Every structure is written in C-alpha cells, then in structure tokens.
1. Order the peptides 23-35, 170-182 from the highest to the lowest mean number of other Cβ atoms within 10 Å of their residues.
2. For a test of the definition: using alpha carbon positions, the gyration tensor, and the 1.5 limit on a/c, classify the range 7-291 as rounded, prolate or oblate.
3. Mean separation of Cα pairs under 8 Å and 6+ residues apart, divided by the residue count of the chain: what relative contact order is that in percent?
4. Between residue 207 and residue 134, 0.36 nm times their residue separation minus their Cα-Cα distance comes to what?
5. Zone of residue 22 (label point 7 Å along Cα→Cβ, backbone N under 19 Å): which residues in the range 82-99?
6. What FRET efficiency do you get for residue 151 and residue 278 if R0 is 22 Å and r is their Cβ-Cβ distance, rounded to the nearest 0.05?
7. Take residue 232 and residue 60, extend 7 Å from each Cα along the Cα→Cβ direction, and tell me the distance between the two endpoints in nm.
8. Taking every DSSP beta bridge that has both residues in the chain, what percent is antiparallel when rounded to the nearest 5?
C-alpha cells in the first residue's frame, strides 16, 4: 500500500516533437502532478523556450529545466532569461545546470578544459545575478564587470546542479540549492550518489537543499521487460531495482526505496513514444493522488 509523500512530476523528453508540449503541460496540470521537467539535448529543443511555452500554457504547474549546459549558454544571458520568466510566472520555474555532454559541447564549439571549474564559476555568478547583486568576476571562464540585472528575481531562486561523477555531485552539495539525478540510477546506486552530495553539503552549512530524481517509468503491461531493456541501454549496474512500472499503486510503492535513500522529488520519465503521453500523464496523476 502506498504510504509515501513526495513532489511528483513528469518529463517531456527533448526527442518528442515540440508541437506536443502545450498539450502535455495542460494535461499534467489537469492530472494534478506537481512539476513538468524538460531538458536540452543537442541538437533538439531549446530548454528555455520550452519552459516559457509550458508556463504560459498553465496556471500553477511548476516547470523545471534540467538541465541547461553551462558551456553552451552565457551566464549573464541565462540569468536574464530566468529572471524574466520569474517576473512573469513567479516561483514556478526550477533550474538545473550541468556540464552538458562533452562530445556535443565539442561539436558546438563550446567545450572547456575544466568543466568542473566552469560549473562552479557559473552557478556562483548565476545565483548572485538572480539575487540582484552587482557582479564582477574574473574567473577562468566566467568574466564580467559590474553586471546587475534590472529585473532580478523577487525571491530566492533555487539553482540545482545535475551530474553523475563524484566531483560534480560533491560540488552540488557544496554550492547548489539541490541536485538533479538522471534516470540511470537504480535503488542500490542512488544512495551511493547521495553520499557524494552529502560530502559537499558538510562544507556548506545549513542551506536548504532538495534532491530531484528522474526515474524511468513503464506503466501498464510488460513493465519489467521494458525497464530491463532500458537498464541495458543505459548500462545500469546490476543489482537492486531499476525504475518503476505497472499499475499506479505499483509505481507508487516502487518510489519508496528512492525516497528512503534521500530523494525528495521524483519526475517520472516515459520510455514510450510521444503519442502515449496522455496515458502516461493520467497514470502519473493517479500515482500523485495515492502519494498525497
């Protein structure tokens, strides 16, 4: 029986055609889920444009971009975009920043020698800009002189870091307001990742922090087979349980090991095609009702 409570969201994958986003956003809001998450994969959809469309199509739904690749987007321009969204849709946007896939960053001419250094400089500057501070930076990658936004966020703007390597996870714990874990984690590996996050948090004091997990989800029949195929595709280490599937109650019960490991928000990631998103979201709404 489902007994857990968490923020629950759904994901609109970037390989889905953009024309389906508005209906997915409105369906997600109608179903009662808390969040819709989007992300940028080269060279598919622009994440910030997606967020703006989803926000404008709904009234209360929180919309996350997870993640934007720091090498691909100038930090001042990104701060302007997010501050504008927050001014128009207060408190409804969540932002996660990461390294980006390095082969894609090289394709785009944006790769850097030290992605970790860039991410530290980027998140530090982004938070300061969104807070309305005047920022001067002369880092290895982030450089600006006396930059201040005219329309900064009117409230604290949480910034998450997304990543998988131990150093990136520790950095998330140290300087970010949360961590975003992608869908490759199983019940026996998510806790290992959060150990690295905790090491970083030990140096950060008592700052509020959230952990969001993208979780592979296969509603309906054949869930075990579909999740096993996805685990092979993502090269998930054997052992434990990967993802959730089956009925709404089975999916809700399957969240428990992840929440016990320290996750406090889950975004269900569909494995099927875009034309099955309406059914996927309906099931997510049922799970949300069970976990309320």
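1. Details: 23-35: 19.8, 170-182: 23.8.
Per-residue mean Cβ counts within 10 Å order the peptides as 170-182, 23-35.
2. Cα axes put the range 7-291 in the prolate bin.
3. Numbers: 595 pairs, mean separation 61.8, N = 292.
With pairs under 8 Å counted, the relative contact order is 21 percent.
4. Details: separation 73, 0.36 × 73 = 26.28 nm, distance 2.22 nm.
Extra length available between residue 207 and residue 134 comes to 24.1 nm.
5. 89
6. Details: r = 37 Å, r/R0 = 1.66.
Once the sixth-power term is evaluated, E becomes 0.05.
7. For the pair residue 232/residue 60, the computed spacing is 4.3 nm.
8. On the way: 4 of 40 bridges.
If we restrict to bridges inside the chain, about 10 percent are antiparallel.
No lab work stands behind these numbers, since they all come straight from the coordinates. Computed from a predicted model, the values in this text were never measured in an experiment. FYI the Cβ positions are ideal-geometry reconstructions off the backbone, even for glycines, and counts take in every protein chain you see.
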